[in-house]
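Single-structure report; data block below.
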Amino acid sequence: MTYRIEITPAAYRDMKGIPKDAMRRIDAGILLLAENPRPPKAKRLQGNLKDYQRVRIGDYRIIYRIEDARLLVCVVRIGDRKEVHRNL
């Protein structure tokens, strides 16, 4: 079963500063989330963000939430591993 991918406006803004080679890898990672939204390397965030997961793509992280009832993966943030969690 394939999930639909939705990218928030904040995630689109995050993409603007990412180099093109890294963006290609991130795009591929997002497309893989449609097939398997819970890959083995994904980690669930904690605390107030427990509904979100993150997946690592090199030095970047994709923060997303899964809505199983709607078969939806909503990408909320994309950014450098050092900064992406601060802005949630």
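Computed quantities for the displayed model
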quantity	calculated
The range 1-54, subset over 14 Å from residue 66 (Cα atoms) and among the β-branched types (Val, Ile, Thr), residue farthest from the chain's Cα centre (by Cα)	18
Residue ID - nearest to residue 13 (Cα to Cα), chosen from residues in the range 36-63 that are polar (S, T, N, Q) and surrounded by 11 or more Cβ atoms within 10 Å (Cβ to Cβ)	53
Output for the range 3-35, where each listed residue is exposed (fewer than 10 other Cβ atoms within 10 Å of the Cβ) and either in contact with a helix residue (DSSP H, G or I) (Cβ under 9 Å, 6 or more places away or on another chain) or acidic (Asp, Glu) (or both)	21
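Readers should treat all values here as calculations from the given coordinates under stated rules, not as data from a laboratory. Every value quoted in this text rests on a predicted model; they were computed, and no experiment measured them. Ideal geometry is used to build each Cβ from the backbone, glycine not excepted, and the neighbour counts take in all protein chains shown.
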